[in-house]
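Visitor: This is the structure I have questions about; it appears just below.
Each value in this text was obtained by applying a stated rule to the coordinates, not by laboratory testing. Bear in mind that the values here come from a model prediction, so they are computed numbers and not experimental data. Don't worry about glycine lacking a Cβ; one is built from the backbone with ideal geometry, like all the others, and counts go over all protein chains shown.
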Amino acid sequence: MGNPNVGKSAIFNRLAGAKVMESNYPGTTVDYTKGYMRLENKDIEIIDVPGTFSLEPKDKAEEVAVKMLKENKDAVIICVIDSTKLERGLYLALEIIEEGYPVIIALNMWDIAKDKNIWINIEKLENILGVPVVATVAVSGEGIKELVSKIKEASPANIERIVERAGGLEK
């Protein structure tokens, strides 16, 4: 999951390779894509949902993304964030964390962030959020192996502890 145009589909394609099937969500013309990736000698279903800015949908595409999240309560969520727009992406990530899903953050477009002199302390962000964070460049495949290796580390985080770690900010 992630905002529109952050590289979700590019990461999905790196994970699924050629094992992909596009579908429309029942009752809509909104597309989502299902595929499979190999993890610890098992085929794992992965879903590329439409982009959304929050878990309060504003259009059909966002409705489909949120509905698919709610229909897959046992899913591990890879939350893809544009590294050049961290704050925007963290809004959705925190909403997903607050819902109790195991999350891993993919800070995508890492190369563009570096080119723009944007530096993100990944260790500190991991510590604050309590979830794995990986820098990725989906178009080149950079960071994808690390992302896959950290999927098994994803677990539900505690929103109260995130607030504490972030310096006691008000909820």
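Visitor: Excluding residues fewer than 8 places away in the same chain, name every one of the aspartates and glutamates whose C-alpha is closer than 16 Å to that of K114.
Guide: Straight-line reach from K114, under 16 Å: D82, E142.
Visitor: If the viscosity is 1.002 mPa s and the temperature 20 °C, what translational diffusion coefficient in µm²/s does Stokes-Einstein give for the stretch 8-165 when Rh comes from Kirkwood over Cα pairs?
Guide: The Stokes-Einstein estimate is 133 µm²/s.
Visitor: Name the chymotrypsin sites (Phe, Trp or Tyr not before Pro) in the stretch 53-124 that are in a loop by DSSP and that have at most 11 other C-beta atoms within 10 Å, would you? Walk me through the numbers before you get to the answer.
Guide: Numbers: sites: F53, Y91, W110, W119; in loops: F53, W119.
In loop regions of the stretch 53-124 (DSSP not H, G, I, E or B), the sparsely surrounded chymotrypsin sites (Phe, Trp or Tyr not before Pro) are W119.
Visitor: Quick one: compute the contact order of the stretch 8-165, relative version, from alpha carbon pairs under 8 angstrom and 6+ residues apart, as a percent.
Guide: Numbers: 258 pairs, mean separation 29.0, N = 158.
It comes to 18 percent, rounded to a whole number.
Visitor: Determine the sum of side-chain charges near K70: Lys and Arg each +1, Asp and Glu each -1, restricted to other residues whose C-beta is under 11 angstrom from that of K70. All intermediate terms of the calculation are to be shown ahead of the outcome.
Guide: On the way: positive: K67, K73; negative: E63, E71, E99.
That works out to -1.
Visitor: Hey, which of these cross-link pairs are over 23 Å Cα-Cα: K124/K150; K58/K145; K70/K124; K8/K116; K70/K152?
Guide: On the way: K124/K150 16 Å; K58/K145 34 Å; K70/K124 29 Å; K8/K116 21 Å; K70/K152 21 Å.
Over 23 Å apart, Cα to Cα: K58/K145; K70/K124.
Visitor: Moving to a separate point now. Could you work out the local net charge near I81, counting Lys and Arg as +1, Asp and Glu as -1, over the other residues with Cβ closer than 12 Å to its Cβ?
Guide: Values: positive: K8, K85, R88; negative: D82, E87.
Taking every Cβ under 12 Å from that of I81, the sum is +1.
Visitor: Counting other C-beta atoms within 10 Å, and keeping those with at most 10, which DSSP coil GluC sites (Glu not before Pro) do you find in the stretch 36-105?
Guide: Values: sites: E40, E45, E62, E63, E71, E87, E95, E98, E99; in loops: E40, E99.
Those satisfying the criteria are E40.
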